[in-house]
Amino acid sequence: MDTTTRSGAFRPVLLLTGAYAALSVLTLVVIILFRNDPAMVTDAVWVRATLVVASSLLTFAFARSAARGSRKGLLRLRIVAAVMLVAIVVIVALPGLFPLWLRIEQAGCGLLLLAVTVLVNGRRPRAR
């Protein structure tokens, strides 16, 4: 299978990981804009958002690598997506640790990563 076909097959994964990265960056922008509101932006929010932006950009980079046919890229994508999904589930489930708005945003990220995890662990990516 050539690179173009492989990239086409990975288009949904690229779109989902791109949306995850965009949502994460947008969230960091919101945090910067509301940095003087202690009810909305806590130290934990800063740390979490920074980590999520970094992981989302890595996730997108791994998806691009996997789309080009890299087995290591696919393995990294599987690991990072699954680990971040578990971390997000914990964050959304724990009451009081983060403001409600961030937990809702993280739930959105979690849904995107759930779809990525299902797609990259299905039969088709392994066959390629």
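The values are calculated or read from the model by the stated rules, or taken from the named source; none is laboratory data. None of the values given here were measured: they were computed from a predicted structure. Cβ coordinates were reconstructed from backbone atoms using ideal geometry, including for glycine residues, and neighbour counts include every protein chain displayed.
Annotations for the structure displayed:
- Among the residues here, L14 does not qualify as assigned to a helix (DSSP H, G or I), in contact (Cβ under 8 Å) with a residue 12 or more places away in the chain and within 20 Å of A87 (Cβ to Cβ).
- For R48, the conditions (1) of a type in the set (K, R); (2) within 26 Å of I104 (Cβ to Cβ); (3) over 16 Å from the mean Cα position of the chain (by Cα) all hold with the exception of (3).
- For the residues R76, R68, R103, the requirement of being charged (D, E, K, R), out of contact with any Leu (no Cβ under 7 Å at 6 or more places or on another chain), farther than 17 Å from L14 by Cβ and surrounded by fewer than 21 Cβ atoms within 10 Å (Cβ to Cβ) singles out R103.
- Here R68 fits the description: farther than 13 Å from V120 by Cα, of a type outside the set (A, V, I, L, M, F, W, C) and touching a Ser or Thr at 6+ places or on another chain (Cβ under 9 Å).
- Residues (farther than 28 Å from A115 by Cα, aliphatic (A, V, I, L, M) and outside any loop (DSSP other than H, G, I, E, B)) located in segment 18-47: I32, L33
- Options A115, A49, A61: the member that is surrounded by fewer than 18 Cβ atoms within 10 Å (Cβ to Cβ) and not hydroxyl-bearing (S, T, Y): A61
- Members of segment 105-128 found to be closer than 21 Å to D43 by Cβ and at pLDDT below 95, listed by number: none
- Any chance V92 is assigned to a helix (DSSP H, G or I), at pLDDT below 95 and either surrounded by 21 or more Cβ atoms within 10 Å (Cβ to Cβ) or out of contact with any strand residue (DSSP E or B) (no Cβ under 6 Å at 6 or more places or on another chain) (or both): yes
- Of all residues in segment 28-51, none are touching a residue at least 40 places away in the same chain (Cβ under 8 Å), out of contact with any Gly (no Cβ under 8 Å at 6 or more places or on another chain), more than 19 Å from I91 (Cβ to Cβ) and of a type in the set (G, A, S).
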